[in-house]
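In what follows, a single structure is set out as structure tokens and then discussed.
The values are calculated or read from the model by the stated rules, or taken from the named source; none is laboratory data. The model shown is predicted, which means the values in this text are computed figures rather than measured ones. Using ideal geometry, Cβ is built from the backbone for each residue, glycine included, and neighbour counts are taken over all protein chains shown. For accessibility, only protein heavy atoms count, side chains too; no ligands or nucleic acids. Shrake-Rupley method; radii C 1.70, N 1.55, O 1.52, S 1.80 Å.
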Amino acid sequence: MAREEVYHIPVMLQECIEALEIKPDGVYVDVTFGGGGHSREIMKHLGEHGRLIAFDQDPDALNNIIEDDRFLLIHQNFKFMKNNLRLQGVRQVDGILADLGVSSHQFDDAERGFSIRFEADLDMRMDQVSDLDAKKVLNTYTEEDLHRIFGMYGEVQNARSLAKTIVTARLTKKIETVAGLKEVIKRLVPKGKEHKYHAQVFQALRIEVNRELEALQEFLMQTVSLLKPGGRLVVMSYHSLEDRLVKNFMIKGKFRGEVEKDFFGNEIKPFQVVGRKAVTAGVKELESNNRSRSAKLRIAEKIEQS
Ligand SMILES: C[S@@+](CC[C@H](N)C(=O)[O-])C[C@H]1O[C@@H](n2cnc3c(N)ncnc32)[C@H](O)[C@@H]1O
């Protein structure tokens, strides 16, 4: 099997491609390259003059590069998308795809510390040169910050007690490994819901370590000026916090509050939402790919005047 086939099975591949409405000569951006499953399919729809520029902040994704003159992979956080495209002489594009979160490869690589299944160092960085990892969060953040992170990013029920337990435990011993963290928090885990609880705690840490919600907001804001009128924004998210940001942004052009109106009361918004609600995976895909279960795909089209 080719490396990219085991690296990550692309979720809702056909749905994403249809949503992009690819023009053979268009310029497209895939900001979450990963194993390149979506990128490879986009390339199949491009003609001689089409272009695809992809981003990934994980150096490991560079091993999956597509050898093609029409393709470029940039090793950067997608929050720097606009400046990097400008450096490549690209000011406007026909479509942007984001498939958020981590790849199966990142989850399955025990040493990266993303998964509760393996004993490993608590790392969780997608970008391995960043100086913030999960150990640093657990051992240096204040009790208030830990409480906020577990409550907001993990929706952990007993976030306050969890934060207190961690801060108390680290006075005697640093929390450095997956097993170490599980041991410290074991009294707080609801019986019969161990997996869910651990998954929520890990999700919260991962979001904080990678500053995922900040990066998503910065990225979304850049899509407004980058997309040509009629250009498509296609975003797939895997948890409600991300999906809420994407949904609000596509409907209102902002993350909170009401849609802006002009002097005459006309709504000023950059996008027209495509489809009544988020697209989810079909029965067949749900059966064959576990990761597709929580995926929500949202599509918007850039409106002419903005
Ligand atoms: C769900 S995977 C994408 C899988 C890809 N669509 C495929 O078919 O293989 C998400 C990828 O996006 C990358 N990523 C996540 N957040 C990022 C960010 N802020 N900037 C750049 N890359 C990011 C991760 O490193 C990971 O490789």
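What base-10 log of the normalised intensity I(q)/I(0) is obtained for the chain from the Debye formula, alpha carbons as equal point scatterers, at q = 0.12, 0.16 Å⁻¹?
Once normalised to I(0) and log-transformed, intensities are -0.83, -1.32.
Working from the alpha-carbon coordinates of the stretch 1-125, get Rg over Rh, Rh being the Kirkwood radius. Let's see the in-between values first.
Values: Rg = 15.0 Å, Rh = 15.2 Å.
When Rh is taken as the Kirkwood radius, the ratio is 0.99.
Can you list residues whose amide H is under 5 Å from L227's amide H, if they're 5+ apart or on another chain and H is modeled 1.01 Å from N?
Counting only residues 5 or more places away or on other chains, the set is V93.
Using the Cα centre of the stretch 131-209 as origin and beta-carbon charges of +1 (Lys, Arg) and -1 (Asp, Glu), tell me which of V184, I207, H147 is placed farthest towards the positive end of the dipole.
The residue sitting farthest along the positive end of the dipole is V184.
Please list, by residue number, every one of the trypsin sites (Lys or Arg not before Pro) in the stretch 102-155 that is coil in DSSP and has at most 16 other beta-carbon atoms within 10 Å.
Of the trypsin sites (Lys or Arg not before Pro), the ones in loops of the stretch 102-155 whose Cβ has at most 16 other Cβ atoms within 10 Å are R117.
Sort 156-162, 290-296 by packing, meaning the average of other beta carbons within 10 Å per residue, with the highest value first. It would help to have the intermediate numbers written out before the result.
Working: 156-162: 18.9, 290-296: 17.0.
Highest-to-lowest ranking by the protection proxy: 156-162, 290-296.
May I ask you to list the GluC sites (Glu not before Pro) in the stretch 27-126 that are in a DSSP loop and have at most 10 other Cβ atoms within 10 Å of their Cβ? Each step should come with its number before you reach the end.
Values: sites: E41, E48, E67, E111, E119; in loops: E48, E67, E119.
When the GluC sites (Glu not before Pro) of the stretch 27-126 are filtered for loop state and at most 10 Cβ neighbours within 10 Å, E48, E67 remain.
Got a sec to turn the phi values of the stretch 16-25 into Karplus ³J(HN,Hα) couplings, 6.51 cos²θ - 1.76 cosθ + 1.60 with θ = phi - 60°, whole Hz, x for Gly and Pro?
Residue by residue, the stretch 16-25 yields 5, 5, 4, 4, 6, 6, 5, 9, x, 9 Hz.
Sort T140, T172, T223 from largest to smallest accessible area, using a 1.4 Å probe on the heavy atoms of the protein chains. Show your work: numbers first, answer last.
Values: T140 85, T172 130, T223 0 Å².
So the residues, ranked largest to smallest area, are T172, T140, T223.
Tell me which trypsin sites (Lys or Arg not before Pro) from the stretch 1-98 have a DSSP coil assignment and no more than 13 other beta carbons within 10 Å of their own. Display every interim value, and only then the final one.
Working: sites: R3, R40, K44, R51, R70, K79, K82, R86, R91; in loops: R70, R91.
Sparse-neighbourhood loop trypsin sites (Lys or Arg not before Pro): R91.
If you restrict to DSSP beta bridges whose two residues both lie in the chain, what percentage is antiparallel, to the nearest 5?
Working: 14 of 31 bridges.
Percent antiparallel among DSSP bridges in the chain is about 45.
Is the C-alpha gyration tensor of the stretch 131-209 telling us rounded, prolate or oblate? Criteria: a/c under 1.5 is rounded; beyond that, a/b larger than b/c is prolate, otherwise oblate.
Details: a/c = 1.40, a/b = 1.19, b/c = 1.18.
Since a/c stays below 1.5, the shape of the stretch 131-209 is classed as rounded.
Taking R0 as 30 Å, what FRET efficiency do you get between E218 and K191 from their Cβ-Cβ distance, rounded to the nearest 0.05? Show your work: numbers first, answer last.
Values: r = 41 Å, r/R0 = 1.35.
Once rounded, the FRET efficiency stands at 0.15.
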